[in-house]
Amino acid sequence: FWGLSPNLPPTKNPKISMARLNLRTLLLQRAKRDLEKEEQERAAEKIRVLGELCPPLAALEGMGAAELQELCRELHACVARVDEERYDMGTRVSKNVTEELRRRVAAGRFVRPNLRRVRLSADAMMAALLGTKPRVGTDLRAGLRQVRKDDESYEVGDWRKNVDAMSGMEGRKKKFEGAAA
C-alpha cells in the first residue's frame with residue numbers, strides 16, 4: 001500500500017523511512033476512525049428518518065373498538081400514501097433510466113466516423129479549391145437523345161388495285177378461289 005513492500009532493500013537512512021511509515025499508519029488510523037464515524041452518523045440518520053415516517057403506536061390496551069377502527073383507518077391511509085410515493089419514485093427512476101438509454105443510443109447513432117485521407121493530384125486540388133468554371137459555349141442539347149422523324153410519303157391510290165400485293169398471297173389466293181369454286 002502506497003509503495004510499501006515487506007521485501008524492500010534497506011534504504012540509506014532508516015530513520016526517514018520509519019518516520020514515513022509512522023505517518024502513513026497514523027493517516028490510515030485516522031481514516032479508519034472517520035469511516036466508522038460516518039457509518040454511525042448514517043445509522044443515526046436512518047433511525048431519525050424512520051421515526052419521522054413511522055411514528056410509534058399508542059398503548060393499544062385501553063382503546064375501545066371505535067378508537068381501534070380509527071387507528072386502523074389512519075394506518076391504512078399512511079400505508080396508501082407511502083405506497084403511492086414508492087410507486088411515483090419507481091416510475092420516475094424507470095423514466096430517467098429510459099431517457100438516459102435513449103440519449104446514449106442517440107449519441108452513439110450520430111458519432112462521426114474517422115475520415116480517411118484521400119490523395120489528390122495538384123490538378124484535382126486546384127479544381128476543388130477554385131471550382132469548375134462554366135464553359136461559355138456549352139451545348140446543353142448534346143447529352144439529349146435525338147429522335148429522327150422519317151418523312152415517308154405515302155402514295156394515295158386506288159386500294160382495290162393493290163389488294164393482291166398487300167395481302168401477300170398472290171399465288172395462293174388463286175388456289176383458294178379455285179378450290180372454293
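Descriptive notes on the structure:
- Placing a label point 7 Å from the Cα of CYS78 along the Cα-to-Cβ direction, the residues of the range 32-56 whose backbone N falls under 15 Å from that point are 48-56.
- Cα pair distances exceeding 18 angstrom across the range 11-55, given as percent: 56
- Pairwise Cα distances in the range 64-108 exceed 17 Å in 57 percent of cases.
- Residue-count net charge about GLY64 - beta-carbon cut-off 15 Å; Lys, Arg +1, Asp, Glu -1: -2
Only the coordinates and a few stated rules stand behind these numbers; no lab work does. Because the structure is predicted, anything quoted here is derived from the model rather than measured. Using ideal geometry, Cβ is built from the backbone for each residue, glycine included, and neighbour counts are taken over all protein chains shown.
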